[in-house]
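Data block below; observations after.
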Amino acid sequence: MEKSMAKSTEGFFNQYGGKYVAEVLRRPLDELQEAFHKAMNDESFIKELETIQRDYIGRETPLLYAETATKLLGGAKIYIKLEGLANTGAHKINNAIGQCLLAKRMGKKRIIAETGAGQHGVATAAACAKLGLDCTVYMGEVDVRRQQPNVAAMEMYGAKVHAVTSGSRTLKDAVNEAMRDWAANPDTTHYVLGSALGPAPFPDMVREFQSVIGKEVKKQAAERNIDIEALIACVGGGSNSIGFFAPFIDEKSPRLIGVEAGGIGPGVGENASRMTGNASRDGIMQGYKSRFLLDDDGQALPTRSISAGLDYCGIGPQLAALGKTGRIEFTSASDKEALEAVKFFAKNEGVLFALESAHAGAEAIKLAPKLPKDKAIIINMSGRGDKDIFITCPVFRPAKWKQFLISELERLNEAKDIHDANLMNDEK
Ligand SMILES: *Cc1c(COP(=O)(O)O)cnc(C)c1O
């Protein structure tokens with residue numbers, strides 16, 4: 001029998017994965033692994049998880065037939081899994097709720113998380129608010145400044161946002177700081193890692209909590225006799241893609257296609273293509289072995305993408321392994337193609353894709369015309385695009401957007417009543 005690639009063997013997916021951490025983190029990781037396996041085999045935990053998925057997240061999410069898009073492209077039928085309809089606007093809540101529920105069961109009262117653009121921080125803060133847990137989110141100081149709407153949302157949910165001032169003051173420094181906190185407070189604290197990467201058991205755990213996406217798709221497709229040729233998902237760290245693909249990994253079909261950020265070109269620093277790019281190599285960083293964008297000294301290279309969520313120098317170990325075996329095909333979409341896909345699906349389907357998810361949409365636009373009409377492609381719309389207005393508006397309507405920002409600033413400066421009436425002013 002062929003070896004299953006649907007989960008790790010002792011934390012490894014062929015040559016990738018593992019648990020490359022300081023001694024102090026071994027025990028918390030081992031305890032987490034044991035608690036996770038126990039919980040997943042406990043009916044009461046599964047029942048609790050399913051109830052909150054239904055009532056709070058809003059599952060199951062719909063599988064939409066994109067009729068107009070299909071007609072316009074003239075090939076395979078296009079379906080869109082609307083993960084963006086999940087509460088908080090993206091798939092990240094599936095993992096955050098799962099891990100927070102597990103933490104509660106382990107008797108932990110305090111949650112920490114890292115965040116880059118802020119999406120995982122928002123999901124974790126919301127999950128903690130729902131479940132009554134204390135929440136601290138580590139975020140690079142540079143990101144705190146750039147991502148104020150998400151910082152505001154996290155604070156609304158009651159989380160403390162801790163600005164990290166070490167290193168490049170971005171995501172990887174936030175991860176280091178979260179690891180340090182966890183190592184110092186393992187008994188009271190659980191670290192909710194945000195994607196299908198990091199040391200074992202995180203890649204397995206995040207995949208399991210996200211696999212609700214793939215399980216629903218499998219059921220929805222069977223009920224409607226949809227003949228799936230390909231599943232397409234965008235790949236940042238890899239959580240929405242691996243959750244979407246999970247129930248299909250050990251089967252021969254459908255084709256599984258992962259789309260990375262092609263950014264503005266193939267050069268170093270112009271994209272975040274860990275599988276398809278030419279600066280990609282094997283490495284060990286932040287506790288796991290995988291494919292990374294690294295320089296000759298093993299240091300992380302700068303990355304670039306219009307979508308903040310795809311902008312990371314590493315990829316989850318299971319995705320890297322499945323890319324090597326060929327089970328997952330990797331490709332990329334450029335910033336421009338992603339923006340065009342946002343427009344295409346908004347105009348023709350009334351669905352506003354997040355820029356990340358639009359990378360998957362862009363690949364579907366390329367692939368559908370090459371396939372027969374009786375086959376289907378399913379796109380995972382990992383999130384909705386409301387969060388992206390500060391990026392899309394300056395591109396699609398720069399002059400009007402600039403005018404809007406100027407007039408908003410004037411309004412804030414002039415309107416004394418806003419300050420006077422602001423009884424909830426949190427700024428010191
Ligand atoms: C964070 C994010 C991603 C990328 O993360 P994965 O772990 O690769 O799924 C994709 N889409 C959206 C909407 C996100 O917020």
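Of all residues in segment 195-220, those being open to solvent by less than 10 Å² (accessible area, probe 1.4 Å) and basic (Lys, Arg) number 1.
When segment 390-403 is limited to residues that are within 27 Å of Gln210 (Cβ to Cβ) and not aliphatic (A, V, I, L, M), the one that is most open to solvent (accessible area, probe 1.4 Å) turns out to be Phe390.
So for segment 298-308 (the condition being closer than 20 Å to Asn380 by Cα, open to solvent by less than 10 Å² (accessible area, probe 1.4 Å) and not acidic (Asp, Glu)), does at least one residue qualify? There is at least one residue in segment 298-308 that is closer than 20 Å to Asn380 by Cα, open to solvent by less than 10 Å² (accessible area, probe 1.4 Å) and not acidic (Asp, Glu). Scanning segment 344-353 for residues that are under 20 Å from Glu83 (Cβ atoms), away from the ligand (no atom under 15 Å from the Cβ) and either not small (Gly, Ala, Ser) or not in a loop (DSSP other than H, G, I, E, B) (or both) gives Phe344, Ala346, Asn348, Glu349. Within segment 354-379, being within 14 Å of the chain's Cα centre (by Cα) and either assigned to a helix (DSSP H, G or I) or more than 9 Å from the ligand (Cβ to nearest atom) (or both) holds for Leu355, Glu356, Ser357, Ala358, His359, Ala360. Within segment 204-218, none of the residues are at pLDDT 95 or above, more than 16 Å from the ligand (Cβ to nearest atom) and either assigned to a loop (DSSP other than H, G, I, E, B) or over 25 Å from Leu49 (Cβ atoms) (or both). For segment 62-92, enumerate the residues that are more than 19 Å from Phe245 (Cβ to Cβ) and near the ligand (Cβ under 10 Å from one of its atoms). The answer is Thr88, Gly89. Within segment 221-239, if we keep just the residues that are assigned to a helix (DSSP H, G or I) and open to solvent by less than 10 Å² (accessible area, probe 1.4 Å), the residue that is farthest from the ligand (Cβ to nearest atom) turns out to be Ala221. Being away from the ligand (no atom under 16 Å from the Cβ) and either within 18 Å of the chain's Cα centre (by Cα) or polar (S, T, N, Q) (or both) is a property that Gln286 lacks.
Take Ala333 and tell me if it is among the aliphatic types (A, V, I, L, M), in a strand (DSSP E or B) and touching a helix residue (DSSP H, G or I) at 6+ places or on another chain (Cβ under 6 Å). Yes, satisfied. Step by step: first the residues of segment 309-330, then only those that are in contact with a Leu (Cβ under 9 Å, 6 or more places away or on another chain) and more than 15 Å from the ligand (Cβ to nearest atom), then the one that is farthest from Ala279 (Cα to Cα). Which residue is that? This residue is Arg327. Scanning segment 342-389 for residues that are open to solvent by less than 40 Å² (accessible area, probe 1.4 Å) and within 21 Å of Ala123 (Cα to Cα) yields Phe353, Ala354, Leu355, Glu356, Ser357, Ala358, Asn380, Met381, Ser382, Gly383, Gly385, Asp388. Counted as qualifying within segment 1-85 are the helices (runs of 4 or more DSSP H) with 2 or more residues that are touching a residue at least 60 places away in the same chain (Cβ under 8 Å) and open to solvent by 20 Å² or more (accessible area, probe 1.4 Å), namely 26-40, 67-73.
Looking only at residues of segment 250-276 that are within 16 Å of the ligand (Cβ to nearest atom) and assigned to a loop (DSSP other than H, G, I, E, B), we find that the one that is most open to solvent (accessible area, probe 1.4 Å) is Thr276. If you go through segment 380-411 and keep only what is in contact (Cβ under 8 Å) with a residue 40 or more places away in the chain, away from the ligand (no atom under 16 Å from the Cβ) and either among the charged types (D, E, K, R) or in contact with a Lys or Arg (Cβ under 9 Å, 6 or more places away or on another chain) (or both), you end up with just Phe396.
Close Cβ contacts (under 7 Å, 6 or more residues apart or on different chains) running from residues in segment 307-324 that are within 21 Å of Glu208 (Cβ to Cβ) to residues that are open to solvent by 10 Å² or more (accessible area, probe 1.4 Å) and of a type in the set (Phe, Trp, Tyr) comprise Gly323/Phe330. Summed over segment 114-155, the residues that are open to solvent by 10 Å² or more (accessible area, probe 1.4 Å), of a type in the set (Gly, Ala, Ser) and in a helix (DSSP H, G or I) give a count of 3. May I ask you to list the residues in segment 172-194 that are within 16 Å of the ligand (Cβ to nearest atom) and either open to solvent by 20 Å² or more (accessible area, probe 1.4 Å) or charged (D, E, K, R) (or both)? Within segment 172-194, just Lys172 meets the criteria. Take Ala321 and tell me if it is part of a helix (DSSP H, G or I) and either among the hydroxyl-bearing types (Ser, Thr, Tyr) or surrounded by 24 or more Cβ atoms within 10 Å (Cβ to Cβ) (or both). It is false that Ala321 is part of a helix (DSSP H, G or I) and either among the hydroxyl-bearing types (Ser, Thr, Tyr) or surrounded by 24 or more Cβ atoms within 10 Å (Cβ to Cβ) (or both).
The values are calculated or read from the model by the stated rules, or taken from the named source; none is laboratory data. Worth saying up front: this structure is predicted, and the values here are computed from it rather than measured. Every residue, glycine as well, gets a Cβ built from its backbone with ideal geometry; the counts of neighbours run over all protein chains shown. Ligands, DNA and RNA are stripped out before the accessible areas are found, and what is left, the full protein with its side chains, is counted by its heavy atoms. Shrake-Rupley method; radii C 1.70, N 1.55, O 1.52, S 1.80 Å.
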